[in-house]
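First the structure, in the form of structure tokens, and then the observations on it.
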Amino acid sequence: MRVGIIQSSFIPWRGYFDFIASVDLFIFHDDIQYTKGDWRNRNCLKTEKGKRWLTVPVHHTHQSQRICDTEVVDDHDWRGKHLRLWKENYSRAPFFDDVIRLLGDMERGKRGLTISQLNVFLIRSICGFLGIGTPLRMSQEFSPVGQKTDRLLDILKKAGATEYLSGPRADAYLDKGAFAREGIRLEYKTYDYAPYPQFFGAFEGAVSILDMIAHCGVATRDALRSATPNVLVI
């Protein structure tokens, strides 16, 4: 069984959903340290003036705070601001109604959530729209122990994994020999995608998948896969 383990992100880019669709089980690794200025609580849309950040305000009180414990700030209208920005920049897109329906899930969603709960809620909604049926679980369900590679391997063994799909940047810290010793195959995901029609000039791929859905609609489902095979490491 191929398993992927990644932190949740706020309405992430298409590579994130390609990753989910490429594994038999996807695990949100959210019982680890929350990092400021990262993808956990923000992402980009495209505007006439370039990329624009959409940021979810959170209560971050100490450095060791976990992603799954980081609460969303609900005492001002960030949801309404986000919706207005999408409407201002995408209302003419051919499939903007699909985006509005998905963002409506956010607007109508419960208050008092952690950023992890909000992210997972939206990712599940988008997976449903894209027809991605990969089971989604949380790392804390496995009561992981250890640090870095040992922690990942502990989750993988408890999940019954025979293969681990990782992002390529993890090459800098993964102990590849440990995977070989545990008999778990290690692969790196590739992110090689063709451009699709967009507004506002040259193509920009580093934006939320909602940009792609606005322009491609359900055809997004058929354009998720990387053109380059994954890289077998161990």
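Just so it is clear, none of the values below were taken in a lab; they were calculated from the coordinates. As the structure is a prediction and not an experimental result, all values here were calculated from the model. Glycine also receives a Cβ, built like all others from the backbone with ideal geometry; neighbour counts cover every protein chain displayed.
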Requested in this report: Would you please put 25-35, 147-157, 189-199 in order of how densely packed they are, using the mean number of other Cβ atoms within 10 angstrom per residue and starting with the highest?
Outcome: 25-35, 147-157, 189-199
Report summary line: Simple SL model, points at 7 angstrom along Cα→Cβ for residue 91 and residue 55; separation in nm is 2.6 nm
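Which whole-number percent is the relative contact order of the chain (Cα, under 8 Å, 6+ apart)? Could you put the intermediate results ahead of the total?
Values: 393 pairs, mean separation 66.7, N = 234.
Here the relative contact order equals 28 percent.
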Query raised in the report: What is the ratio of the Cα radius of gyration of the chain to 2.2 N^0.38 Å, where N is its residue count, to two decimals?
Result: 1.03
Report summary line: The simple spin-label model distance between residue 77 and residue 147, using points 7 Å out along Cα→Cβ, in nm, is 4.7 nm
Report task. Would you mind computing, in nm to one decimal, how far apart the modelled labels at residue 24 and residue 1 are, each placed 7 Å from Cα along Cα→Cβ? Result -> 0.7 nm
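If you take the C-alpha gyration tensor of segment 125-180, multiply each eigenvalue by 5 and take the square root, what semi-axes do you get, largest first, in whole Å? The partial results should precede the final answer.
Working: eigenvalues 113, 44, 22 Å².
Over the Cα atoms of segment 125-180, the ellipsoid semi-axes are 24, 15, 10 Å.
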Query - Anchor residue 36: lysines whose Cα lies under 27 Å away (excluding residues fewer than 8 positions away in-chain) - result: 46, 49, 51, 81, 110, 148, 189
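Compute the convex hull volume of the Cα atoms of segment 129-219, divide it by the residue count, and report the result per residue in Å³ as a whole number. Present the calculation step by step, with values, prior to reporting the outcome.
Numbers: hull volume 13.0 nm³, N = 91.
Taking the convex hull of the Cα positions in segment 129-219, it is 143 Å³ per residue.
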Query - Under-5 Å amide H pairs with residue 7, H placed in peptide plane, nonlocal only - result: 29
Requested in this report: Could you line up 72, 231 from fewest to most neighbouring Cβ atoms inside 10 Å?
Outcome: 231, 72
